[in-house]
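Asker: Have a look at the structure that comes next, please.
The values are calculated or read from the model by the stated rules, or taken from the named source; none is laboratory data. This is a predicted model, so every value here is computed, not measured. Virtual Cβ from ideal backbone geometry, glycine too; neighbours counted across all protein chains shown. Ligands, DNA and RNA are stripped out before the accessible areas are found, and what is left, the full protein with its side chains, is counted by its heavy atoms. Shrake-Rupley method; radii C 1.70, N 1.55, O 1.52, S 1.80 Å.
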Amino acid sequence: MPPIISISHLSKTYGSGLKALNDVSLDIDRGEIFALLGPNGAGKTTLISIICGIANPSAGQVLVDGHDNVADYRAARSMIGLVPQELHTDAFETVWATVSYSRGLFGKKANPAYIEKVLRDLSLWDRKDSRIITLSGGMKRRVMIAKALSHEPQILFLDEPTAGVDVELRKGMWEVVRALRATGVTIILTTHYIEEAEEMADRIGVINKGEIILVEQKAALMQKLGKKQLKLHLLGTVEAIPPQLADYNLALSEGGSQLIYTYDSKAERTGITGLLAALREAGIRFHDLDTTQSSLEDIFVSLVRA
Amino acid sequence: MNHRAVRAIYLFEMARTWRTLLQSVVSPVLSTSLYFVVFGAAIGSRITQIEGVSYGTFIVPGLIMLSILTQSVSNASFGIYFPKFSGTIYELLSAPVSFFEAVLGYVGAAASKSIILGLIILATAWLFVPLHVMHPFWMLTFLVLTAVTFSLFGFIIGVWAGNFEQLQVIPLLVIAPLTFLGGSFYSINMLPEAWQTVALFNPVVYLISGFRWSFYEISDVSLGASLGITLGFLAICMATVWWIFKTGYRLKN
């Protein structure tokens, strides 16, 4: 199946000379949740802005379901809903009016029943007649999502959707996103919350300094780059790793009271059995142990710093 | 043509007018009524007739034009500037809406408000001075043309403005002086000859002259010149708006 979004050799240089994107090529698969990670100023929002038609590219092409987003902008934009990073809302309009306005802007016939469903799904129905200025930050964020969903898009861009949102609300939004994906909507989200990407995404893309440095299935990425660590809580402390344990990838921490062994969990031989025997021979005893797997955040930090 | 988008923008903008009725309609009507009272009744009663028309009656077309020009520019510039200021412009730019459709919605709403306002002021004028419109067709033509043209001009100012001060600069420092010096309160024939020549470089003279002609068949310049200048300014504004959307000037990064 062809990708729903195909980005080819996209570059963007602002008038100030800042090169925000440099020859970015990326395909987004139909129906997936794609998380775009990157530090501040990496080019995430610029990339989204160009795809959605808010910014002009300096070079390159974006196809949305085969439609060029410049030459055939009507077909391309009709498919996209955008929730921007900032809370841009009409302060004095009611929730109902602003969401209905968004639907009209996208050329869709008025459908009060659908708008009601969207507002109910986002727990906004009770506030449909409230002016937006009277809503809390979390509610405004949901209004932005309702506006983006008002025209029944097949692709939804969520630019930092849960920034400044409390944990409970964030989890509620994840549920909404999952429900949307279940209906076939392709979702592209940028986030600073690595746990969000880890929780939600099918695929992860990492962008840094305007370049895509990695695109991978989340599970494969975790497997490929994820390290597993065995932590041994020692009885007493050791000052240095004994020479007979030099073959093992060991590190001391917590003032010598903890020994950390890093290994590849997918390898045929992890070396754990041998390590434990070697420890016994060296007279190092421990009272507890646990294992941890590196998180997506660890992977992200190591990629961006590389 | 995304006619639903045009309708959505138009109704959204009109809704703002009804929400701010005091500021949008009542205030300009009251201000213009004060002009009628002060210039028409109080001072006007001591001024002789101008080309066979009493002074109070003479200034009616000029006062309507004064409101139309300032309100058209103000409504349209604010209509597009505010989404830029608040950031909600992202929605318009990411929607399947052509520049023509966006302009039709914004300028259509701004012009509609001005026309409604002009007609209310005209009705109000009837309360203060004896009035007759000899050429209703031309009166409406000039009313609509001026409202549309200056709404387009206001749209351009709204796109260009980078802050609220810039938004006010053109209406206050350009439009208002040109309107006051454009024959709202006098015929340019009453000016010294040299100033009559200078006045002919003021485009507002042609608008007011044509509009006044449609009421009383008295004018400072010919009907053809009035119509030509108005259409010429309209064409310049349309070309500028087309260029703005083609290049994304101050709208897109």
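Asker: Normalised by the residues of region A:95-222, what does the relative contact order come to in percent, with Cα pairs under 8 Å and at least six apart?
Answerer: After rounding, I find 20 percent.
Asker: Gain in length, residue A:30 to residue A:281, computed as 0.36 nm per residue apart minus the alpha-carbon separation, to one decimal in nm?
Answerer: 84.8 nm
Asker: Okay, next question. Taking the convex hull of the alpha carbon atoms in region A:5-223, what volume per residue do you get, in Å³?
Answerer: Spelled out: Cα convex hull of region A:5-223, divided by residues, is 121 Å³.
Asker: Can you figure out the FRET efficiency of residue A:16 with residue A:68, using R₀ = 30 Å and their beta-carbon distance, to the nearest 0.05?
Answerer: Efficiency, from the Cβ-Cβ distance: 0.65.
Asker: Could you order A:300, B:155 by accessible surface area, starting with the largest, using a probe radius of 1.4 Å?
Answerer: The residues order as A:300, B:155, largest area first.
Asker: Follow-up question, since we're still on this one. Nearest 10 degrees is fine. How inclined is helix B:203-216 to the longest principal axis of chain B, computing both from alpha carbons?
Answerer: 60 degrees
Asker: Tell me the accessible surface of residue A:211 in square angstrom (1.4 angstrom probe, heavy atoms of protein chains only), to the nearest ten.
Answerer: Using a 1.4 Å probe on the heavy atoms, I get roughly 80 Å².
Asker: How shielded is A:89-99 by partner chains, expressed as the average number of their Cβ atoms within 10 Å of its Cβ atoms?
Answerer: 3
Asker: With a/c under 1.5 counting as rounded, go ahead and sort the protein assembly as shown into rounded, prolate or oblate using the C-alpha gyration tensor (a ≥ b ≥ c being the square roots of the eigenvalues; past the cut-off, prolate if a/b is larger than b/c, else oblate).
Answerer: Taking the square roots of the gyration eigenvalues as a ≥ b ≥ c, the protein assembly as shown is prolate.
Asker: Next up: State to the nearest 20 debye the size of the charge dipole of chain B about its Cα centre, where the only charges are +1 on K and R beta carbons and -1 on D and E beta carbons.
Answerer: So the magnitude is around 660 debye.
Asker: Another question, if that's okay. Evaluate the relative contact order of region A:159-306 (contact order divided by residue number), counting alpha-carbon pairs under 8 angstrom at least 6 apart; express in whole percent.
Answerer: Relative contact order, region A:159-306: 23 percent.
Asker: Name the long-range amide H neighbours of residue A:289: under 5 Å, sequence gap of 5 or more, or other chain; modelled H, no Pro or chain starts.
Answerer: The list, which skips near neighbours in sequence, is A:233.
Asker: With springs only between Cα atoms under 10 Å apart, run a GNM on chain A and tell me which of A:196, A:160, A:281 wobbles the most.
Answerer: Highest fluctuation among the options: A:281.
Asker: Further question on the same structure: Using a Förster radius of 30 Å, what is the FRET efficiency between residue B:42 and residue B:200 based on their Cβ-Cβ separation? Nearest 0.05, please.
Answerer: After rounding to 0.05, the efficiency reads 0.45.
Asker: Under a point spin-label approximation (7 Å from Cα along Cα-to-Cβ), what is the residue A:61-residue A:209 distance to one decimal in nm?
Answerer: Calculated label separation equals 2.9 nm.
Asker: Order B:206-213, A:257-264 from most to least packed using the mean count of other Cβ atoms within 10 Å.
Answerer: Most protected by this proxy first, the peptides run B:206-213, A:257-264.
Asker: Separate question: What does the extension gain come out to for residue A:231 and residue A:130, with contour length at 0.36 nm per residue minus their alpha carbon separation?
Answerer: The span from residue A:231 to residue A:130 would gain 31.0 nm if fully extended.
Asker: Considering only protein heavy atoms, what per residue accessible area in square angstrom results for region A:5-223 with a 1.4 angstrom probe?
Answerer: The answer is 40 Å² per residue.
Asker: Same structure, new question: Using a 1.4 Å probe on the protein chains only, how many percent of the accessible area of the protein assembly as shown belongs to carbon and sulfur?
Answerer: Of all accessible area on the protein assembly as shown, carbon and sulfur atoms account for 58 percent.
Asker: Right, something else. Full-extension gain between residue A:86 and residue A:240, please, as 0.36 nm times their residue separation minus the C-alpha to C-alpha distance.
Answerer: 50.3 nm
Asker: What aspartates and glutamates could a cross-link reach from residue A:209, if we take a straight Cα to Cα line under 13 Å and drop same-chain neighbours fewer than 8 places away?
Answerer: A:23
Asker: If you plug each phi of region A:85-100 into the Karplus form 6.51 cos²θ - 1.76 cosθ + 1.60 with θ = phi - 60°, what whole-Hz ³J(HN,Hα) values come out, in order, with x for Gly and Pro?
Answerer: Result, rounded to whole Hz: 5, 7, 7, 8, 9, 7, 4, 9, 7, 7, 4, 4, 5, 6, 6, 5.
Asker: Return the subset of A:12/A:218; A:109/A:147; A:117/A:218; A:19/A:44 for which the Cα-Cα distance in this structure is over 21 Å, preserving the input order.
Answerer: Too far apart for the 21 Å limit: A:12/A:218; A:117/A:218.
Asker: Using a 1.4 Å probe on the heavy atoms of the protein chains only, list every residue of region B:224-253 that has 30 Å² or more less accessible area in the complete assembly than in its chain alone.
Answerer: Checking the loss per residue gives B:252, B:253.
Asker: Right, here's the next one. Send over a whole-number figure in Å² for the accessible area per residue of region B:3-247, probe 1.4 Å.
Answerer: Accessible area per residue, region B:3-247: 43 Å².
Asker: What is the angle, in °, between the Cα long axis of helix B:99-128 and the longest principal axis of the Cα atoms in chain B? Nearest 10 is fine, range 0 to 90.
Answerer: It works out to around 30 degrees.
Asker: For residue A:212, list long-range residues whose amide hydrogen, built 1.01 Å from N in the peptide plane, is under 5 Å from its own amide hydrogen.
Answerer: Residues meeting the amide H criterion: A:25.
Asker: Rounded, prolate or oblate: which fits region B:88-186 when a ≥ b ≥ c are the square roots of the eigenvalues of the alpha-carbon gyration tensor, with rounded for a/c under 1.5 and prolate only if a/b beats b/c?
Answerer: oblate
Asker: Does region A:1-71 come out rounded, prolate or oblate by the C-alpha gyration tensor, with a ≥ b ≥ c the root eigenvalues, rounded set by a/c under 1.5 and, if not, prolate when a/b is larger than b/c and oblate if not?
Answerer: oblate
Asker: OK, next. What accessible area, summed over both chains, is buried at the A-B interface (1.4 Å probe, Å², nearest 100)?
Answerer: The contact between B and A buries close to 2600 Å².
Asker: Each residue of region B:42-52 in order: what ³J(HN,Hα) in whole Hz does its phi give by Karplus 6.51 cos²θ - 1.76 cosθ + 1.60, θ = phi - 60°, with x for Gly and Pro?
Answerer: 6, 7, x, 5, 9, 9, 5, 5, 10, 6, x
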